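Here the structure is laid out as C-alpha cells; the discussion comes afterwards.
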Amino acid sequence: MLKAYPFHPETIDVLHRRWGSLPTFQRTRGVLRILSLVVYRLKDSAVSLIRPCDFDLSFDELAEELIKHIGREYESVLRADITAKDSNAKKVDRTLGSTYQGLNLATKLATVIFLYSFSGGERGVTLGELKLACADVNVPSSVITEVVEQLSNNLYYLWKEYGRFVFKSRPNLNKLLVSRMSEIEEPELKDFTKSLLQKYLGSALPAYIWPRSSRDVPDTEEFKLVVLPQNDRKLVEEILNNYGENPRVYKNKVFFLVPMESEKFNFESWLRRIAWEKIAKDKSLNLTEAQKKDVERYLKEVKDDERGELRKYYRIVYIPAREIKEIDLGLSIYKDKRPITKEIFDRLKTEKEIVEKLSPILIIEKYLSSRDYLELEQLYKSMLSTPGEPRVTRENFIKSIREDVKYKHFGFGYVRGSDVECVRFGEEPEITLQEYRLKFR
C-alpha cells in the first residue's frame, strides 16, 4: 500500500499486468499517461486512495486513451452501459437505497469490470476481485454482491463466463430481451393477461372475464365473480344494476375483481418478459449452450412468477352494498398456490360477506320482529336481490332454517286460508322454498 500510494495496488496491477499485455500498449509510458489523466480528473475530489473504481471513464481523454487499444466499437459499449446520463449502470445507481445512492456503486463496479476486461491473457474479473478493487469501509461486501447482481440483469454488454465478469462488444441476452420486449404490442399483452386469468382464477366462484356488456353476466342466484380489464366504477355499477335492457334481480350475488391501476406499469413490464419464450424459439439467434441454459432459467422464473404477478395486479374486490364496498386483497402470500377465486371466496367468508349459516337472532330481530310470519321464498329472494343483505347459498339457507326450527328458535308451517298452521317445531322440516311461512314463537 505504501509503495503504491496514492494509488490502490490493484490500480497499478490492472494497468501494468492487464493493459500492459496488449500489443499496442506501451507498458511504462502508457501506464504513466493513464495515471496522470486519472489524477488530473480527481485532483479536486475528496478521494484519498485511487482505486480502479475511481477512474472516470466519462472523461473523454481518459476514455480515448483506453479505446484506441481495444477498438472503436467499445465507444458505444461505454456510453450504453457506463458513461451516458441514462446508461444502464446509472439506472441501477438510481434504484439503490438512499444509504448508498450517492456513492455511484453501480457505475464504479461497471468501471472496474471494464478495466479488467482487456488483456493479452486472462480476461474478466471475479466477484472477490471486484470487492477488492472497490474496497470501502463504508460499504459492506454484501452490498457489492447485490449491486453486481443488478448489473448482470441490466447491462447490455456485460457477460459472465466461468465465474468472471467481462465486457464484450457483442450484446448479451439483456439487450436481446429489451429488443424483443419492445416488439410486443398492446393486443398481445391483453391476450396474455386474459390467458393468465383463465389459468389461475379457478372455479371456487364462477368467473366472467372481461364481459363486453351487462348481458354477458347471467342474472342467476349463484355467486359469481366479474373480472374487468380496468378499474371502472361506472361499468361495475352498470353490470350490478342491469342485465342487458332489464334491471338485474340478483344483485347481491355479484362480486367484482379489478386491477390496481398503480400496478399497471410494473405488471406490463413483467408481462413483456414473455419475450424469453420468443427468444427460446428463435433458432436464427444461434445462442451458445450457456445462453440457452440462461434463457431456460429466465423462462422458468417467469413461469414461476405468473400467479404472484397477476395477483399483485388484480387485487381490488368490489362488493354490493348500499354503497359499493371495496376490499384490497393486499399482496399475495408467498408461494400461495390457491386459485384466485378460492382466495377471494375465503376472504369474503372471513369478512362475513358470505356466510355459511344464518343466525336465528338475525332472522327473528330483523325479519320477524314486527310480524307473526314471513314467506321463506320471499326472505330468500330478498337476500338475493338486496345489496348488503346476508349472502348464503340456497343449500345453506335451507339447512339454517331446518336447524333453527329443530332447536325451537321458531316454528315452520304454511298458510291455510287466513290461518297459519305450524307443522314443525323442535324437529327438522322438509323445505322446498315454495309458499312456506315461518311462524314466530
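The values are calculated or read from the model by the stated rules, or taken from the named source; none is laboratory data. Please read these numbers as outputs of a predicted model, since none were measured by experiment. Reconstructed Cβ throughout: ideal geometry from the backbone, glycine too, with neighbour counts over all protein chains shown. Surface accessibility is based on the protein's heavy atoms, side chains included, excluding ligands, DNA and RNA. Shrake-Rupley method; radii C 1.70, N 1.55, O 1.52, S 1.80 Å.
Absence of a disulfide-compatible partner, taken as no other cysteine beta carbon within less than 4.7 angstrom, is noted in the chain for C422.
The count of lysine pairs in the range 233-280 with alpha-carbon distances below 25 Å, taking only pairs 8 or more places apart or on different chains, stands at 4.
Each part gets one Cα centre, and for the range 203-270 versus the range 84-150 those centres are 48 Å apart. Taking GluC sites (Glu not before Pro) across the range 39-79, the ones in a DSSP loop with at most 15 further Cβ atoms lying within 10 angstrom of their Cβ are E73. Using a Gaussian network model of the chain in which every pair of alpha carbons under 10 angstrom is joined by a spring, one finds that among D282, D60, D44 the greatest mean-square fluctuation is at D44.
The alpha-carbon of K283 sits under 23 angstrom from the alpha-carbons of these lysines, leaving out residues fewer than 8 places away in its chain: K160, K168, K175, K292, K293, K300, K303.
With the convex hull drawn around the C-alpha atoms of the range 297-441, the volume per residue stands at 135 Å³. The residue among Q198, G102, L57 whose Cα reaches farthest toward the positive pole of the charge dipole of the chain, with charges on the beta-carbon of Lys, Arg, Asp and Glu, is L57. Surface composition of the chain: carbon and sulfur atoms hold 49% of the protein heavy-atom accessible area at a 1.4 Å probe. Protein heavy-atom accessible surface, 1.4 Å probe, per residue over the range 99-151: 41 Å². Charges were assigned to the Cβ only: +1 to each Lys and Arg, -1 to each Asp and Glu. The resulting dipole of the chain about its Cα centre is roughly 900 debye. The trypsin sites (Lys or Arg not before Pro) of the range 358-432 that DSSP puts in a loop, and whose beta carbon has at most 14 other beta carbons within 10 Å, are R371, K408.
If you take mean projected area of the Cα convex hull in nm² from the coordinates, which of (i) 19.6; (ii) 30.5; (iii) 24.1 do you get? The value computed from this structure is option (ii). If a/c stays under 1.5 just call it rounded; otherwise compare a/b with b/c (prolate if a/b is bigger, oblate if not). Do that for the range 1-97, with a ≥ b ≥ c from the square roots of the Cα gyration tensor eigenvalues. Oblate.
The residues of the range 293-392 expose, per residue, 55 Å² of accessible area to a 1.4 Å probe. Take every Cα pair under 8 Å whose residues are at least 6 apart in sequence, average their separation, divide by the length of the chain, and the relative contact order is 10 percent. What are the lysines whose alpha-carbon lies under 28 Å from the alpha-carbon of K3, with same-chain residues fewer than 8 places away excluded? Filter leaves K43, K108, K131.
On a per residue basis, the range 9-96 carries 51 Å² of accessible surface, using protein heavy atoms and a 1.4 Å probe. Working note: 222 nm ellipticity from helices only, DSSP H runs with n ≥ 4, each -39,500 (n - 2.57), summed and divided by the residues of the chain, gives -12500 deg cm²/dmol to the nearest 500.
Ranking I401, I333, N241 by how far each Cα lies toward the positive end of the dipole of the chain (charges on Cβ) leaves I333 at the top.
Of the GluC sites (Glu not before Pro) found in the range 226-264, those in coil by DSSP whose Cβ has at most 16 other Cβ atoms within 10 Å are E245.
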